[in-house]
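Worksheet: one structure, shown below.
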Amino acid sequence: MKMYYMDNSATSPVVEEVLNEMLPYFNEKFGNASTLYKLGVESKKALDKARQQVADLINADPKEITFTSGGSESDNMAIKGVAFKERAKETEDNPKNHIITSQIEHPAVLETCRFLEKYGFEVTYLPVNSDGFISLEELENSIKDSTILITIMHSNNEIGSIQPTKEIGAIARKHNVLFHSDAVQSAGKIPIDVEEQNIDLLSISGHKINAPKGIGAIYIKKGVQLEVLIHGGGQEDGIRSGTENIPGIVGLGKAAEIANNNLENIMKHNQEIRDQLVEKVTSEIKDSYINGSLENRLPNNIHFRFSGIEGESLILRLDDKGIMGATGSACSTRDLKGSHVLAALGIKPALSHGSLRLSIGKDNSIEDVDYIVQSIKEVVEYLRSISPLWDNKTDEYIGDKFEKPLDEEDLDRY
């Protein structure tokens with residue numbers, strides 16, 4: 001059976017060019033980049049090259065790139081690093097303890113903010129509208145004298161909404177507040193310019209752009225100081241100690257280079273497939289909807305909602321047909337609670353459970369669309385035929401009769 005892998009927002013395959021670039025650094029060029037002999041110098045050169053490649057992807061200086069184990073570490077490093085560094089500056093009359101984020105952030109951000117609340121930090125969780133966008137007016141009104149950081153994701157990992165980062169950054173600069181953005185889903189998918197978008201800190205993950213898992217990077221604008229969280233031998237200019245993962249770093253650098261050189265074609269390829277899937281699914285399947293807006297959305301992201309079905313059953317039955325997707329964020333797919341992102345959009349749990357995220361990658365093609373649409377149609381029709389939330393006599397959704405109103409517990413997932 002042919003495999004239709006449509007979960008590239010969860011992880012993506014390491015492409016051949018990236019793998020070939022990495023292989024020598026496992027067993028031939030295996031030197032420690034901190035050593036002085038030729039084998040180590042060779043690794044240091046590879047490290048510097050990759051730093052430049054990642055910097056080029058987001059229009060940064062290579063000295064502003066620090067390698068990490070992935071997006072979650074980068075998020076933690078940015079948020080905790082700012083929080084603890086700024087706390088050291090506070091006085092009784094001048095507290096430095098307020099962070100602003102949104103209700104739809106990735107758990108790596110939300111859990112970090114929850115952690116900091118235990119240590120006396122105050123966090124404002126901005127709501128979003130029905131398309132998943134924060135209000136710039138509400139953001140600015142939330143800033144206080146004690147605000148030290150705004151952390152708003154570049155694009156959402158579930159519904160693909162792209163936040164107005166340039167405007168957010170401008171507000172942050174106006175009030176002398178640092179701005180961090182989780183760009184794990186955006187990097188390599190859409191253009192990012194940290195200078196133009198007024199971003200001070202930015203998180204990147206390798207396995208979303210055809211590099212290996214366990215490697216990522218953080219952009220730290222020149223002059224921004226973070227409290228160091230990982231102490232040791234002083235690697236990465238003392239910001240993140242530990243012997244560098246040279247094969248992984250080389251892979252991330254090569255993947256960043258490939259994405260940067262082909263970004264226009266990548267966007268065109270993804271959007272063509274996305275738009276075909278959206279048009280066919282919503283026209284051929286009754287009571288099918290798009291979660292979020294198509295106006296300002298990642299070109300490789302589609303998030304469908306089908307009334308009257310259960311998402312896990314949808315995923316498993318599509319898998320039987322060779323189609324791999326997600327019913328929410330891959331990081332929380334095994335969590336039976338409704339999506340905190342969809343709850344923030346005002347979508348009730350019974351409806352949010354009937355969601356399907358398809359995320360497009362380089363191995364998907366326009367020729368696959370008809371099979372994927374037909375497969376979704378067949379599975380949705382079958383699941384509705386056995387669902388207590390679907391009236392087969394009238395061919396209508398009746399789940400509203402059993403649905404409770406959204407409350408704070410639905411929004412407070414983390």
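The values are calculated or read from the model by the stated rules, or taken from the named source; none is laboratory data. In this text the structure is predicted, and so the values were computed from the model without any measurement. With ideal geometry, Cβ positions are generated from the backbone for all residues, glycine too; neighbour counts draw on all protein chains shown. Ligands, DNA and RNA are excluded from the accessible area calculation, which covers all protein heavy atoms including side chains. Shrake-Rupley method; radii C 1.70, N 1.55, O 1.52, S 1.80 Å.
Laid out as a table, the results:
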| read-out | value |
| --- | --- |
| Some residue of the stretch 106-125 being part of a loop (DSSP other than H, G, I, E, B) and of a type in the set (A, V, I, L, M) | no |
| Test for Arg297: is it crowded, with 20+ Cβ neighbours inside 10 Å, farther than 15 Å from Ala10 by Cα and of a type in the set (D, E, K, R) | yes |
| Complete set of residues in the stretch 48-70 that are open to solvent by less than 50 Å² (accessible area, probe 1.4 Å), closer than 21 Å to Gly214 by Cβ and out of contact with any helix residue (DSSP H, G or I) (no Cβ under 6 Å at 6 or more places or on another chain) | Ile58, Gly70 |
| Residue that is surrounded by the fewest Cβ atoms within 10 Å (Cβ to Cβ), among those in the stretch 88-114 that are touching a residue at least 12 places away in the same chain (Cβ under 8 Å) and of a type in the set (Lys, Arg) | Arg114 |
| Close pairs from the stretch 157-184: first small (Gly, Ala, Ser), partner part of a helix (DSSP H, G or I), Cβ under 7 Å, at least 6 apart | Ser181/Thr165 |
| Flag if Glu312 is open to solvent by 20 Å² or more (accessible area, probe 1.4 Å) and outside any loop (DSSP other than H, G, I, E, B) | yes |
| Candidate set: the stretch 214-233, residues that are of a type outside the set (A, V, I, L, M, F, W, C) and farther than 19 Å from Asn176 by Cα; chosen: the one surrounded by the most Cβ atoms within 10 Å (Cβ to Cβ) | Gly216 |
| Checklist (1) under 21 Å from Val18 (Cβ atoms); (2) open to solvent by less than 60 Å² (accessible area, probe 1.4 Å) applied to Lys321, failing item | (1) |
| Residue that is most open to solvent (accessible area, probe 1.4 Å) [pool: residues in the stretch 1-30 that are in a helix (DSSP H, G or I) and under 16 Å from Ile258 (Cα atoms)] | Glu16 |
| Residue check, Ala33 farther than 30 Å from Asn364 by Cα, in a loop (DSSP other than H, G, I, E, B) and within 25 Å of the chain's Cα centre (by Cα) | no |
| Checklist (1) open to solvent by less than 40 Å² (accessible area, probe 1.4 Å); (2) out of contact with any strand residue (DSSP E or B) (no Cβ under 8 Å at 6 or more places or on another chain); (3) over 30 Å from Arg317 (Cα atoms); (4) not aromatic (Phe, Trp, Tyr) applied to Lys44, failing item | (1) |
| All positions within the stretch 82-105 that are of a type outside the set (A, V, I, L, M) and either in a helix (DSSP H, G or I) or under 16 Å from Ala344 (Cβ atoms) (or both) | Phe84, Lys85, Glu86, Arg87, Thr101, Ser102, Gln103, Glu105 |
| Count - residues of the stretch 139-154 that are part of a helix (DSSP H, G or I) and open to solvent by 30 Å² or more (accessible area, probe 1.4 Å) | 2 |
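A quick yes/no check of all residues on (1) in contact with a Gly (Cβ under 9 Å, 6 or more places away or on another chain); (2) assigned to a loop (DSSP other than H, G, I, E, B); (3) at pLDDT below 95:
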{"position": "Phe179", "(1), (2), (3)": "yes, no, no"}
{"position": "Val184", "(1), (2), (3)": "yes, yes, no"}
{"position": "Pro191", "(1), (2), (3)": "no, yes, no"}
{"position": "Ile199", "(1), (2), (3)": "yes, yes, no"}
{"position": "Leu202", "(1), (2), (3)": "no, no, no"}
{"position": "His207", "(1), (2), (3)": "yes, no, no"}
{"position": "Gly214", "(1), (2), (3)": "yes, yes, no"}
